[in-house]
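The values are calculated or read from the model by the stated rules, or taken from the named source; none is laboratory data. Every value quoted in this text rests on a predicted model; they were computed, and no experiment measured them. Every residue, glycine among them, receives a Cβ derived from its backbone with ideal geometry; neighbour counts consider all protein chains shown. These accessible areas exclude ligands, DNA and RNA; they are computed on the full protein's heavy atoms, side chains included. Shrake-Rupley method; radii C 1.70, N 1.55, O 1.52, S 1.80 Å.
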Amino acid sequence: MAPPLLILRNINLTFGGTPLFEGAEFSVSEGERLCLVGRNGSGKSTLLKIAAGMVEPDDGEIFLQPGTTVRYLPQEPDLSGFRTSLAYVEAGLEPGDGPYRAQYLLDQLALTGEEDPATLSGGEIRRCALARALAPEPDILLLDEPTNHLDLPVIEWLEKELASMRSALVIISHDRRFLEKLSRTTIWLAQGITRRLDQNFRKFESWRDGIVEQEETERHKLDRKLVAETAWLRKGVTARRKRNQGRLRALFALRKQRQDQCGPTGQVNFTKSDGAKSGKLVMEAKSISKDYGNGPVVQDFSIRIQRGDRIGIVGPNGAGKTTILNMLTGALEPDSGSTRLGTNLEMVTLDQKREILDPDSTLADALTGGGEIISVGGQNKHVIGYMKDFLFAPEQARTPVGVLSGGERGRLMLARALARPSNLLVLDEPTNDLDLETLDLLQEMIADYPGTVLLVSHDRDFLDRTVTSIICAEGKGEWIEYAGGFSDMISQRGADLGGRAAKKVPSTPGQKKPGAPAAPPQSKGKLTYKDKHALETLPAEIEKLQVDIDRHQATLTEPNLFTADPAKFEETAQALDKAQAALAAAEERWIELEMLREEIEGS
C-alpha cells in the first residue's frame with residue numbers, strides 16, 4: 001500500500017462557541033475505500049468539505065500529495081450559470097481530460113447533455129453532479145450522500161462504476177447496502193473525534209456498540225468515585241491539611257474529567273398514535289390502468305391488501321410509483337378498472353418532498369399548529385418535550401422550518417406523522433436524509449405498527465427489514481407483486497430493475513396473475529455431491545479466511561512497518577485484498593447453497 005495521498009490530522013473547528021471537531025483525523029491512501037459515518041449533525045459533511053479544501057479548520061494539519069486530484073460531490077449541487085447539463089459536467093474536467101467521458105457518463109445516467117439545468121428534477125441534478133465528479137477519474141473522490149434522489153437502477157449502476165474505478169473513495173451515505181458493497185474501512189465521527197475501523201461497514205455496528213458499552217462502564221465507575229470523594233468532602237477537611245489539599249485537588253480534577261466526558265448521543269423516541277382498528281380488507285384494486293398519453297403507466301394491475309400488510313413499491317424514477325400509490329389510496333381515479341377502500345381507515349401520509357411544511361413556520365408551530373401542547377398516543381405532551389423525543393434542542397422551538405437541515409426536516413415530518421392517530425401509513429421515501437440510528441428505530445416502529453403500511457423506497461436494506469411484499473415495475477405499465485423483501489424479489493425476478501434484462505417469472509398453468517405473489521423458481525430437485533461438500537466445508541473456509549484477514553490487518557498496523565520494510569507492507573496489503581475477495585465469494589456461495597437447501601427441504 002502506497003503512502004497516504006491525503007492526511008487530516010488533529011482537526012479542530014468551533015461553530016457558534018460549540019466545538020464541532022476536537023482532534024478529528026483520517027488519511028486516504030491510493031485506491032482506498034472509506035466510509036464516513038455518524039449521527040446527523042456530527043459534522044460529516046463539514047469534515048468532507050475540509051478534506052476538499054472548501055472549509056478552513058480553526059486548527060490542525062492538512063496534507064495533500066503534490067499532483068493529487070480531488071473531486072467532491074456535494075449534497076446540494078448548484079448548476080446555475082450553465083446553459084446545458086453537458087456544459088456543467090465538462091466544466092469539471094481538467095486540461096488533458098478526454099471530453100468524451102462527460103458525454104459517456106451522461107448517456108449512462110439517461111441524460112442527453114442538452115437539458116436546461118433550470119428545468120431538472122432533484123434526481124436529474126444529482127445525476128449531473130455525479131457525472132461531473134466521476135468524469136475526470138480523480139485520485140480521490142469525496143461523495144456526500146451520492147444515492148440521495150437516485151432510483152434503484154441508477155444506484156446499482158453507480159455501485160458497479162465506483163467499484164471499477166481506481167480512485168480512492170470517501171463516502172457519506174445512509175444506504176447500508178451501498179456502504180457494505182463499496183467500503184473497506186469505516187471512519188466513525190462522534191462527539192468531535194474520529195475512530196477508525198479497518199473493516200467493511202458490515203462490521204461497524206457491533207464494533208461501535210462495544211465501544212459505547214465500554215465507555216458507559218467507565219463513566220459509571222467515575223460517577224461512583226465522584227460520589228465517594230464528594231461524601232468525604234462534606235465531612236470537612238481535617239487532620240493532615242497538606243494531604244487533604246492534594247485529595248481536594250484530585251476531586252476537582254475528577255469533576256473536570258467527568259464534565260469533559262460526553263455520553264452517547266440521544267436516540268429518537270418514536271411514540272406513535274395508534275388509530276382505531278381498520279377492517280380486515282384495507283384496499284383492493286381490480287384490473288386498474290392509467291395512461292397519460294405517452295403509453296401505459298399502469299396496465300391491468302390487481303391487488304388485495306389486508307390489515308397488517310407492509311407493501312413496498314419499487315421501480316425506476318418515472319415508472320409510475322406515485323401514480324400507483326395514489327390510485328391505491330383513492331387520491332387518483334384509474335382510467336379503467338376499479339379500486340375499493342376498506343372500512344374505518346385513518347390514513348397518515350409522509351410526503352417525500354416535505355412540500356406540506358411551511359418554511360416560514362416555526363418548528364414548534366409546525367408540530368402543534370400553534371400552541372404549546374400536542375396530543376400523542378392519547379396523552380398531552382408539551383411541545384418542548386416532544387421535540388426532545390426527536391433530538392431537537394429546546395432553543396430550536398422558534399427556528400424557522402426553512403433553515404432546518406435535510407435530516408432535521410425528515411425528523412420533523414416523522415414527528416408530525418406519528419402524532420396523528422392512524423391505522424394506515426403511506427410513506428414516500430421516508431429514509432431520505434435520516435441517519436443510520438434513526439433508520440433503525442423507524443424500522444422497529446414499522447415492525448411494531450399494528451396497522452397497514454405502504455412504502456415507496458430505494459433503500460434495499462430498509463425494504464428487506466420492513467416489508468412483507470413488493471410491487472415492482474416491470475416496464476410498459478406492467479407491475480407485479482412479489483412475496484418477501486427486496487432480496488426475495490431479486491431471487492424471483494432477476495436483478496436488473498431498469499428492465500433492460502430482467503428475467504421474467506416463467507408462465508406456467510399454476511402461476512398467479514400479475515398482482516399476486518410470484519411463484520418461486522423451480523428447485524433443482526436435490527443438491528449435487530459437490531454442492532453438499534461445499535455446504536459442509538465453506539463455514540470452516542470462511543472462518544479460516546477471517547483469521548487470515550485479522551492477521552494481515554494486525555501486521556499492517558505495526559508501527560513504522562511501511563518505512564522499515566516496504567516490501568513486507570506491500571505483500572501483506574496484497575494478501576489482505578486477496579483474502580477479503582475470497583471471503584466475499586465464499587460467503588456469497590454459502591448463502592446461495594443454504595437457500596437452495598432450504599428450498600429443497602421445504603418442497
Does the range 465-474 hold any residues that are among the acidic types (Asp, Glu) and more than 14 Å from Leu152 (Cα to Cα), and which are they?
none
Filtered residue count, the range 290-313, keeping only those that are under 23 Å from Gly279 (Cα atoms) and either in contact with a Lys or Arg (Cβ under 7 Å, 6 or more places away or on another chain) or part of a strand (DSSP E or B) (or both)
11
Give Leu425, Leu418 a once-over and let me know the one that is in a helix (DSSP H, G or I) and surrounded by 21 or more Cβ atoms within 10 Å (Cβ to Cβ).
Leu418
By residue number, the members of the range 392-406 that are touching a residue at least 24 places away in the same chain (Cβ under 8 Å) and either in contact with a helix residue (DSSP H, G or I) (Cβ under 6 Å, 6 or more places away or on another chain) or within 30 Å of Ala276 (Cβ to Cβ) (or both) are Phe392, Gln396, Ala397, Thr399, Val401
Which of the residues that make up the range 458-489 are small (Gly, Ala, Ser) and surrounded by fewer than 24 Cβ atoms within 10 Å (Cβ to Cβ)?
Ser469, Gly475, Gly477, Ala483, Gly484, Gly485, Ser487
Please go through (1) modelled with pLDDT of 85 or more; (2) open to solvent by 60 Å² or more (accessible area, probe 1.4 Å); (3) of a type outside the set (D, E, K, R); (4) out of contact with any Leu (no Cβ under 7 Å at 6 or more places or on another chain) for Ile384 and return the number of the only condition it doesn't satisfy.
(2)
Candidate set from the range 278-296 (those that are surrounded by 13 or more Cβ atoms within 10 Å (Cβ to Cβ) and of a type in the set (Ser, Thr, Tyr)); member that is nearest to Gln306 (Cα to Cα):
Ser278
Gly312: farther than 26 Å from Leu439 by Cβ, touching a Gly at 6+ places or on another chain (Cβ under 8 Å), buried (at least 18 other Cβ atoms within 10 Å of the Cβ) and modelled with pLDDT of 90 or more, yes or no?
no
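Let's see how each residue does on (1) of a type outside the set (Val, Ile, Thr); (2) within 27 Å of Pro3 (Cβ to Cβ); (3) touching a residue at least 40 places away in the same chain (Cβ under 8 Å):
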{"site": "Leu545", "(1), (2), (3)": "yes, no, yes"}
{"site": "Asp548", "(1), (2), (3)": "yes, yes, no"}
{"site": "Thr555", "(1), (2), (3)": "no, yes, no"}
{"site": "Leu561", "(1), (2), (3)": "yes, yes, no"}
Here the qualifying pairs (Cβ atoms under 8 Å; residues six or more apart or on different chains; first in the range 135-146 and within 20 Å of Asn432 (Cα to Cα) and modelled with pLDDT under 95; second open to solvent by 10 Å² or more (accessible area, probe 1.4 Å) and among the aromatic types (Phe, Trp, Tyr)) come out as Asp144/Tyr72
Collect the residues in the range 563-597 that are open to solvent by 80 Å² or more (accessible area, probe 1.4 Å) and either touching a His at 6+ places or on another chain (Cβ under 6 Å) or not acidic (Asp, Glu) (or both), keeping them in residue-number order.
Thr563, Ala564, Lys568, Gln574, Lys578, Arg589, Trp590, Ile591, Met595
Residue pairs, Cβ under 9 Å, 6 or more apart or interchain, first in the range 27-50 and within 15 Å of Leu141 (Cα to Cα), second assigned to a helix (DSSP H, G or I) and of a type in the set (Gly, Ala, Ser). List them.
Val28/Ala51; Arg33/Ala163
What are the residue pairs meeting all of these: first residue in the range 292-319, first residue under 17 Å from Ser338 (Cβ atoms), second residue among the small types (Gly, Ala, Ser) and open to solvent by 30 Å² or more (accessible area, probe 1.4 Å), Cβ atoms under 7 Å, and 6 or more apart or on different chains?
Asp300/Ser287; Ser302/Ser287
